[in-house]
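The values are calculated or read from the model by the stated rules, or taken from the named source; none is laboratory data. Remember, it's a predicted structure, so these values are computed and weren't measured experimentally. Positions of Cβ are backbone-derived with ideal geometry, glycine not excepted, and every protein chain shown enters the neighbour counts. These area figures cover heavy atoms from the full protein model, side chains too; ligands, DNA and RNA do not enter into them. Shrake-Rupley method; radii C 1.70, N 1.55, O 1.52, S 1.80 Å.
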Amino acid sequence: MQKNLLAGLVALGLATGVHAQEKHEVKVATFVGPQHFSNQWLVQWGEKLEKASNGRLAFKHFPSSQMGPPPAMYDLARSGQAEVSLFLHGVTPGRFQLTELIQLPYMVGSAEIGTKVLNDAQLRAKYLDAEHKGVKVLLLLTHQPGNVHTTKKPIRSADDMRGLRIRFSGPVIRDFISKLGGTAVGVQPNEQLEQLQKGVLDGTFIDYGGAGVAFKMAGTIKYSTEMYSYVSSFGIGMNSDFYAKLPPDLKKLVDDSVKGVEKEMGEGWDALDDVGKKLLVDGGAQPIKLSAQENARFRKVGTEVTEAKLKELEGKGLPARETFNLMQSLSEKHAKTSRNFWN
């Protein structure tokens, strides 16, 4: 019996040793190019985890929608076709209705603020993580507040939006455009430039980093109206089954790798504002600052859109106002210690 016990312990030890040395391939899918900050951050994140795991986690990166278009990104991670993906909430309307409240007009004044808000432990545990079925949410984030960029007509007032065909980034901005008298047009992020050049679109709501860096709109955009009115939200998710099968030490490495990175991630996105703006201006774009009176007009419409959205979601039985109130209080809190484009 002692021999059998000893043999069993040896076998268990060998099995544990093999398990501990087992390599786990991590395919990372993104829809932005390799030069974009978020993709570079994921590459560096993977390199750190490869080193910390002594090569047991091995990363392969697939930027520029190599594994699928933007609307497919979330399901790539959910289905396990990719172990990790960067996904954009707004391209799958109706799926992340509480999370997308962060995109309401004038909710947050920077990516740093938005990323800190979305990763608040209470907010995520109570409202947001449950919307992300099938994935282990590693991090939620936003870009820096976006503006409206046009190819022919400058927007200096709320009235100038009337009749223009403007690409929206998500359902909330669709409503914002419509309320301002514009025609909201749905176009995937990587199709914006072509549609602007063809004249199908008169303009697009996007941040400076997206316009100048990610989608290379310099030379096409002629006017950039600096409203800093909204953010788009993103997530980095890992396939739930893949995460569940990782040994405890690797799970801990993954968990620890995304703790306390909100400021770093937010600052990286916010820095793209300066870079993207310079690229557009060098390409001939004219930045336009709104007067205080016109800024107030846009904000008033934003408030009306917010109230309508909250009532719509409450009608569906969702705790929209509670989520919104918590987000708003967190935004005000983090604005005191973060970069804020409204100042």
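Using the Cβ of Met67 as centre and a radius below 15 Å, the other residues enclosed give a net charge of 0, where K and R count +1 and D and E count -1. Taking the inverse of the mean reciprocal distance over all distinct Cα pairs, the Kirkwood hydrodynamic radius of the stretch 86-170 comes to 14.8 Å.
Using a cut-off of 12 Å between beta-carbons, work out the net charge of the residues near Phe215 (Lys and Arg +1, Asp and Glu -1, Phe215 not included). Taking every Cβ under 12 Å from that of Phe215, the sum is -1. Its alpha carbons considered, the stretch 250-294 gives a radius of gyration followed by a Dmax of 18.0, 54 Å. For the stretch 244-323, the convex hull drawn through the C-alpha positions has a volume of 221 cubic angstrom per residue.
Rounded to whole Å, give me the distance from the Cα center of the stretch 280-304 to that of the stretch 190-253. Going from one Cα centre to the other spans 21 Å.
Each other residue within a Cβ distance under 13 Å of Lys309 adds +1 if Lys or Arg and -1 if Asp or Glu, for a net charge of -1. Note on Ser329: accessible area is roughly 60 Å² with a 1.4 Å probe, heavy atoms of protein only. Over the stretch 15-136, Cα pairs under 8 Å with separation of 6+ residues give a relative contact order of 25 percent. Farthest toward the positive end of the dipole of the chain, out of Tyr243, Gly302, Met107, is the Cα of Gly302, where the dipole comes from beta carbon charges about the Cα centre. Put simply, the amide H of Ala82, placed in the peptide plane, has neighbours under 5 Å in Ala77, leaving out anything fewer than 5 places away on its chain. For the stretch 155-223, the Kirkwood hydrodynamic radius from C-alpha pairs, put into Stokes-Einstein at 10 °C and a viscosity of 1.306 mPa s, yields a diffusion coefficient of 131 µm² per second.
Taking all Cα pairs closer than 8 Å and separated by 6 or more residues, the relative contact order of the chain comes to 24 percent.
Put simply, the stretch 32-160 fits an ellipsoid with semi-axes of 29, 19, 15 Å; these come from the alpha carbon gyration tensor as the roots of five times its eigenvalues, largest first. Summed over all non-identical Cα pairs, the Kirkwood treatment of the stretch 182-281 gives a radius of 16.3 Å. On the principal axes of its alpha-carbon atoms, the stretch 296-343 has extents of 35, 25, 9 Å, going from largest to smallest. For P(r) over Cα pairs in 10 Å bins from 0, in percent, the choices are [x] 6, 25, 32, 21, 9, 4, 2, 1, 0; [y] 5, 21, 23, 16, 12, 10, 7, 4, 1, 0; [z] 5, 20, 22, 19, 16, 12, 5, 1, 0; which was calculated from the structure? Recomputing P(r) over Cα pairs in 10 Å bins from 0, in percent here picks out [x].
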